[in-house]
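Engineer: Questions regarding the structure given below will be posed in turn.
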Amino acid sequence: MISFYPGPSRVYDQIPRYVADAGSTGVLSMNHRSAEGMQLVKLTTRALQQKLGIPKSYTILFTSSATECWEIVAQSLVRDTSVHIGNGAFAQKWFTYTQALRPPGEFRKLDLETPVPIITTQAELICLTQNETSTGTQVSMETIRALQAANPHSLIAVDATSSLGGIALDFTAADVWFASVQKCLGLPAGLGLLICSPRAVERARQLQEKSHYNSLVNQLAMAALHQTTHTPNVLGIYLLYRVMQAVSPIRTVHKRIVQQAQLWYAFFEQHPKLKALVQNPEVRSHTVIAVTAEAAIIKKVKQEARKAGLLLGEGYGPWKETTFRIANFPALKPAEIKKLMRFLAGLK
Ligand SMILES: *Cc1c(COP(=O)(O)O)cnc(C)c1O
């Protein structure tokens, strides 16, 4: 079965070999406070900086998931208010978790075709979902930069769970970026990355929020020692390190992903029954393609695809019955994508 699910998604072919290497080289029982453990964290950090273009001045933290990052950002970087802008289930969930911790937040819900507006706000934190996995929409780097310019006193936090590792992100445009690894990074689940600008670090230090095991100030103190507050997913970090060593620089990956997305959207322009869910090219995602049709057709496509060894992503929330989603992540091979295109082209 080839998985086009946008998370957990197809992992790189090399993963089983890397796991075997982890067994034979002692990584599986490695102590995260040992010299080897700290060295692994250092090397992984360096590989992430080099391959993804993360500025050296930004701090990279290892968490367990993007969901954990939602809570860390809310508890440790917001005293009073945050504003969340988005159109889908993940942006909504982030807001819900934030509200439970810091109630006066605000959610500006957009419709699918509307780009994120350049608002000005008094809120301490602006929260954006760069790639909304549930709807197949994305926020452009220009928009994030414009929001930053319009709100010099607010921090900007960006959920890049289904785009980090697939498209080039301008990390300088925001203060916090995070992702989990089982989507665009092509790794097994159980690890998250939280990337903080010097301004975010400064803000965490000012707020001194320390009521949680994963409070940001505590994590930053441990990161300075190349350690974590708790025992991390050492195998996950090792696999990430190996994958980051093997992949091309993000500019190269970005080009391939954008071209492939354009092929997908052109394909659905031509298709007699299936259409892209999002019509506005400005907000269409490069890494998650949402496809719509009548519920009966969607159901049949998913069933027949499964029989053909192709696993499509289910629709999400209000689009459950009338959409499916296709991951356009780097671990998917051109031959696999061709196979899915041939299958969808041959639908009766
Ligand atoms: C999948 C996803 C999450 C949640 O990731 P977990 O690893 O389950 O915490 C958060 N945000 C977005 C945009 C996602 O796609």
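Condition check ((1) in contact (Cβ under 8 Å) with a residue 60 or more places away in the chain; (2) surrounded by 24 or more Cβ atoms within 10 Å (Cβ to Cβ); (3) under 14 Å from the mean Cα position of the chain (by Cα)) across all residues:
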residue	(1), (2), (3)
A150	no, no, no
L155	yes, yes, no
V158	no, yes, yes
L164	yes, yes, yes
L187	yes, yes, yes
L207	yes, no, no
N214	yes, no, no
T231	yes, no, no
V234	yes, no, no
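Engineer: Between a first residue in the stretch 69-98 that is within 11 Å of A123 (Cα to Cα) and a second residue that is modelled with pLDDT under 95 and surrounded by fewer than 18 Cβ atoms within 10 Å (Cβ to Cβ), which pairs have beta carbons less than 9 Å apart while being 6 or more apart in sequence or on different chains?
Structural biologist: D80/P104; T81/P104; S82/P104
Engineer: List the number of the failed condition for R199; all other conditions in (1) in contact with a Ser or Thr (Cβ under 8 Å, 6 or more places away or on another chain); (2) surrounded by fewer than 18 Cβ atoms within 10 Å (Cβ to Cβ); (3) closer than 20 Å to G53 by Cβ hold.
Structural biologist: (1)
Engineer: While we're looking at this one, here's another question. With the structure loaded, tell me whether K56 is among the charged types (D, E, K, R), on the phi < 0 side of the Ramachandran plot and surrounded by fewer than 18 Cβ atoms within 10 Å (Cβ to Cβ) or whether it fails that test. If you could, list the steps in order and put the result at the bottom.
Structural biologist: Details: among the charged types (D, E, K, R): yes; on the phi < 0 side of the Ramachandran plot: yes; surrounded by fewer than 18 Cβ atoms within 10 Å (Cβ to Cβ): yes.
In short, yes.
Engineer: Criterion first (in contact with a strand residue (DSSP E or B) (Cβ under 9 Å, 6 or more places away or on another chain), in contact (Cβ under 8 Å) with a residue 40 or more places away in the chain and either assigned to a loop (DSSP other than H, G, I, E, B) or surrounded by fewer than 18 Cβ atoms within 10 Å (Cβ to Cβ) (or both)) does V258 satisfy it?
Structural biologist: Working: in contact with a strand residue (DSSP E or B) (Cβ under 9 Å, 6 or more places away or on another chain): yes; in contact (Cβ under 8 Å) with a residue 40 or more places away in the chain: yes; either assigned to a loop (DSSP other than H, G, I, E, B) or surrounded by fewer than 18 Cβ atoms within 10 Å (Cβ to Cβ) (or both): yes.
Yes; evaluated as a whole, the condition is true for this residue.
Engineer: Here is a further query. When residues of the stretch 153-168 are filtered for being closer than 11 Å to L185 by Cα, polar (S, T, N, Q) and away from the ligand (no atom under 12 Å from the Cβ), how many remain?
Structural biologist: 0
Engineer: Got at least one residue in the stretch 7-30 being within 23 Å of R205 (Cα to Cα) and of a type outside the set (A, V, I, L, M)?
Structural biologist: Taking the stretch 7-30 and keeping what is within 23 Å of R205 (Cα to Cα), we get none.
No: zero hits.
Engineer: I'd like to know if the stretch 315-333 contains one or more residues that are touching a residue at least 60 places away in the same chain (Cβ under 8 Å) and among the acidic types (D, E).
Structural biologist: No, the stretch 315-333 contains no residue that is touching a residue at least 60 places away in the same chain (Cβ under 8 Å) and among the acidic types (D, E).
Engineer: Please give the number of the condition F178 fails out of (1) touching a Leu at 6+ places or on another chain (Cβ under 7 Å); (2) among the aromatic types (F, W, Y); (3) in a loop (DSSP other than H, G, I, E, B).
Structural biologist: (3)
Engineer: Just need a number here: residues in the stretch 169-187 that are within 12 Å of the ligand (Cβ to nearest atom) and farther than 16 Å from T63 by Cβ.
Structural biologist: 1
Engineer: Under 6 Å by Cβ, and 6 or more places apart or on different chains, what pairs join a residue from the stretch 190-204 that is in contact (Cβ under 8 Å) with a residue 60 or more places away in the chain with one that is in a helix (DSSP H, G or I) and within 15 Å of the ligand (Cβ to nearest atom)?
Structural biologist: G190/G236; L191/G236; G192/A66; G192/E68; G192/C69; L194/C69
Engineer: Oh, and also: Of the residues R46, R17, only one is closer than 30 Å to L155 by Cα, modelled with pLDDT of 95 or more, among the basic types (K, R) and part of a helix (DSSP H, G or I); which? So that I can check it myself, show each step before the final result.
Structural biologist: Details: R17 fails: closer than 30 Å to L155 by Cα.
Selected residue: R46, the only one of R46, R17 that is closer than 30 Å to L155 by Cα, modelled with pLDDT of 95 or more, among the basic types (K, R) and part of a helix (DSSP H, G or I).
Engineer: Report yes if A290 is small (G, A, S), in a strand (DSSP E or B) and surrounded by 15 or more Cβ atoms within 10 Å (Cβ to Cβ), otherwise no. Working first, answer last.
Structural biologist: Details: small (G, A, S): yes; in a strand (DSSP E or B): yes; surrounded by 15 or more Cβ atoms within 10 Å (Cβ to Cβ): yes.
It is true that A290 is small (G, A, S), in a strand (DSSP E or B) and surrounded by 15 or more Cβ atoms within 10 Å (Cβ to Cβ).
Engineer: For the stretch 65-117, which residues satisfy the criterion of being of a type in the set (S, T, Y), surrounded by 23 or more Cβ atoms within 10 Å (Cβ to Cβ) and either part of a helix (DSSP H, G or I) or within 15 Å of the ligand (Cβ to nearest atom) (or both)?
Structural biologist: As a first pass, look at the stretch 65-117 and keep what is of a type in the set (S, T, Y): 65, 67, 76, 81-82, 96-98, 114.
Those still in the list that are surrounded by 23 or more Cβ atoms within 10 Å (Cβ to Cβ) too: 76, 82, 98.
Listed by number, the residues that qualify are S76, T98.
Engineer: While we're on this one: Restricting attention to the stretch 130-137, does a residue exist that is more than 12 Å from the ligand (Cβ to nearest atom) and either surrounded by 20 or more Cβ atoms within 10 Å (Cβ to Cβ) or small (G, A, S) (or both)? Working first, answer last.
Structural biologist: Residues of the stretch 130-137 that are more than 12 Å from the ligand (Cβ to nearest atom), as a first pass: none.
No: the stretch 130-137 contains no residue that is more than 12 Å from the ligand (Cβ to nearest atom) and either surrounded by 20 or more Cβ atoms within 10 Å (Cβ to Cβ) or small (G, A, S) (or both).
The values are calculated or read from the model by the stated rules, or taken from the named source; none is laboratory data. These numbers come from a predicted model, not from an experiment. Cβ atoms come from the backbone with ideal geometry, glycine included; neighbour counts cover every protein chain shown.
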